Amino acid sequence: MSQVWTTPHRPTPVAAHVPLPGSKSITARALVLAALADGPSRIVRPLRARDTDLMAAGLRALGVGIAEDGPSASPDWLVTPGELRGPAEVDAGLAGTVLRFLPPVAALADGPVRFDGDPRLRERPNAGLIAALRDLGVPVDDGGRGRAPFTVSGTGAVRGGAVTVDASESSQIVSGLLLAAARFTDGIDLTLTGGVPSMPHVEMTVLALREHGVEVTATDRGWRVSPGPVAALDRVVEPDLSNAAPFLAAALVTGGRVTVPDWPAVTTQPGAQLDRLLAAMGAEVERTPDGLQVTGTGRVAPLVADLGDVGELTPVLAALCALADGPSRLTGIGHLRGHETDRLQALDEVLTAVGARVRQLPDGLEIEPGPLRPALLDSYADHRMVMAAAVLGLAVDGVRVSGPEAVTKTLPDFRERWAGMLSAAAGVAS
Ligand SMILES: O=C(O)C1=C[C@@H](OP(=O)(O)O)[C@@H](O)[C@H](O)C1
Ligand SMILES: C=C(OP(=O)(O)O)C(=O)O
């Protein structure tokens, strides 16, 4: 039976340092590239959460060695590439990264690999990836649905070469193809048919490939990856800046101060854009020797922004919009209808329940704050909807959310960290 979490109400300013575990997106890329590399790689401070554990399990099912090494509280992952093989089953859970990054790896395996996952995974769009794999010479049986469940029947090699890809529904389709492409006989010359959301995540993929010694060129139509070895690489994973969003938002909502340490000076993580987005919403944002420091000024300003590059920040930013002192308009995020849930619909329901007036646009939301009221909210099995509910609960006494365990997807101890932040007296909240 699903739990219900009464989110803590906080009428006084918070003051906390909130260290955060590793980035989901960097951990996922590190695992895939290490699995395809020419020798063993060490991943230090990997995110350990449902999505990344499923990525590791999927790679193990394909023949990759992944072992824990180091202190038992936060072991490294040692990844030893092996001969990729089927038959295998990959449980993608609700992880878009597993759904889109592992089929091109499975295409390199000898034998059939079946992909499936949670009921909602079966609704997440994947036709662009399946069509591209077929065009690259890889048989995929998806029963004509363009979604999971599907079976990739690799023969141990992928021809690769020129391919035209529709990645309008997810940047992960591009990332998945690029990550495996150096191991295709002819590499890949990928042409996009249209737009692609979440460009920073594609840039993260390109950077990770280059760090592994892979030649990647941006073309005027897409990207080209040269065939060749993927060099083994030891790497330390940056903290997850998207998961910093609810904690930094707490400073804004309560007029307090939150610092997230180890904030990278340069990064491709979209969460890095929280500095400008929270500043636009009224926060004072400063990089200190400690990390990124966000201070609330007592005002939450409305936001008018295209969030197409930073879609995964939307639930928390939309929660802030419901607490702002004017109407907001968030656009460029039509693809969020294919995320863990239809996030535009879910945010409409949740923000309306706490008193906002919400209008869905084809590619976004208009949010007009209203008199706030307590409500029982649904998590829609979406980790970021739980985090959004927590932000609302700071300002609205009596916000409850069902299914809070959805946070296991990327931050299993979110509720403990949230409580730690609220109980810290200008101290460390971990
Ligand atoms: O490549 C990645 O690690 C991700 C890309 C984005 O996906 P979409 O382009 O499907 O939004 C993002 O929303 C997701 O959380 C992680
Ligand atoms: C969209 C997200 O996840 P996924 O990697 O499953 O697409 C997300 O974490 O916000």
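The values are calculated or read from the model by the stated rules, or taken from the named source; none is laboratory data. Only a predicted model underlies this, so the values are computations on that prediction, with no experimental measurement involved. So basically every Cβ, Gly included, is an ideal-geometry build from the backbone, and we count neighbours across all protein chains shown.
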*Return only the number of the condition from (1) of a type in the set (A, V, I, L, M, F, W, C); (2) more than 16 Å from ligand 1 (Cβ to nearest atom); (3) closer than 28 Å to Leu336 by Cα that Ala162 does not satisfy.*
(3)
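Okay, residues lined up against (1) within 15 Å of ligand 2 (Cβ to nearest atom); (2) of a type outside the set (Gly, Ala, Ser); (3) surrounded by fewer than 18 Cβ atoms within 10 Å (Cβ to Cβ); (4) touching a residue at least 40 places away in the same chain (Cβ under 8 Å):
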site	(1), (2), (3), (4)
Leu323	no, yes, no, yes
Leu336	yes, yes, no, no
His339	yes, yes, no, yes
Arg343	yes, yes, no, yes
Glu349	no, yes, yes, no
Leu365	no, yes, no, yes
Gly370	no, no, yes, no
*Look through the range 260-274, keep the residues that are of a type outside the set (S, T, N, Q) and more than 13 Å from Gly22 (Cα to Cα), and return whichever of them is nearest to ligand 2 (Cβ to nearest atom).*
Pro270
*asked:* Can you pull out every residue in the range 6-55 that is in contact with a Lys or Arg (Cβ under 9 Å, 6 or more places away or on another chain) and of a type in the set (Lys, Arg)?
replied: Lys24, Arg42, Arg50
_Unique match (being touching a Gly at 6+ places or on another chain (Cβ under 6 Å), under 22 Å from Val113 (Cβ atoms) and hydroxyl-bearing (Ser, Thr, Tyr)) among Thr185, Thr155_ = Thr185
_Flag for Ala109 being assigned by TED's automatic domain parsing to the domain that holds Thr155, of a type outside the set (S, T, N, Q) and closer than 29 Å to Ala406 by Cβ_ = no
*Filter the range 384-421 down to the residues that are among the β-branched types (Val, Ile, Thr) and within 16 Å of ligand 2 (Cβ to nearest atom), then identify the one that is farthest from the chain's Cα centre (by Cα).*
Val391
*the range 39-58 residues that are over 19 Å from Val98 (Cα atoms), paired with ones that are among the polar types (S, T, N, Q) (beta carbon under 6 Å, 6 or more apart)*: Pro40/Thr80
_Looking at the range 379-398, I want the residues that are under 24 Å from Asp51 (Cβ atoms) and have a partner that is basic (Lys, Arg) and within 16 Å of ligand 1 (Cβ to nearest atom) with Cβ atoms under 6 Å, at least 6 apart or on another chain. Which pairs are those?_
His383/Lys409
*Restricting attention to the range 18-34, which residues are farther than 12 Å from Trp77 by Cβ, of a type in the set (S, T, N, Q) and assigned to a helix (DSSP H, G or I)?*
Ser25
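Within the range 64-120, which residues are of a type in the set (A, V, I, L, M, F, W, C), touching a residue at least 24 places away in the same chain (Cβ under 8 Å), assigned to a loop (DSSP other than H, G, I, E, B) and surrounded by fewer than 18 Cβ atoms within 10 Å (Cβ to Cβ)?
Residues satisfying the conditions do not exist here.
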*Go through Pro327, Pro369, Pro374 for me and flag whichever is more than 16 Å from ligand 1 (Cβ to nearest atom) and touching a Leu at 6+ places or on another chain (Cβ under 9 Å).*
Pro369
*Evaluate the range 161-183: report whether one residue or more is acidic (Asp, Glu) and touching a Ser or Thr at 6+ places or on another chain (Cβ under 6 Å).*
yes
*Hey, among the residues in the range 1-39 that are of a type in the set (A, V, I, L, M, F, W, C) and over 23 Å from Ala180 (Cα atoms), which one's surrounded by the fewest Cβ atoms within 10 Å (Cβ to Cβ)?*
Met1
*Does the range 15-44 hold any residues that are in contact with a His (Cβ under 8 Å, 6 or more places away or on another chain) and closer than 18 Å to Leu411 by Cβ, and which are they?*
Ser25
*Checklist (1) within 16 Å of ligand 1 (Cβ to nearest atom); (2) in contact with a helix residue (DSSP H, G or I) (Cβ under 6 Å, 6 or more places away or on another chain) applied to Leu320, failing item*: (1)
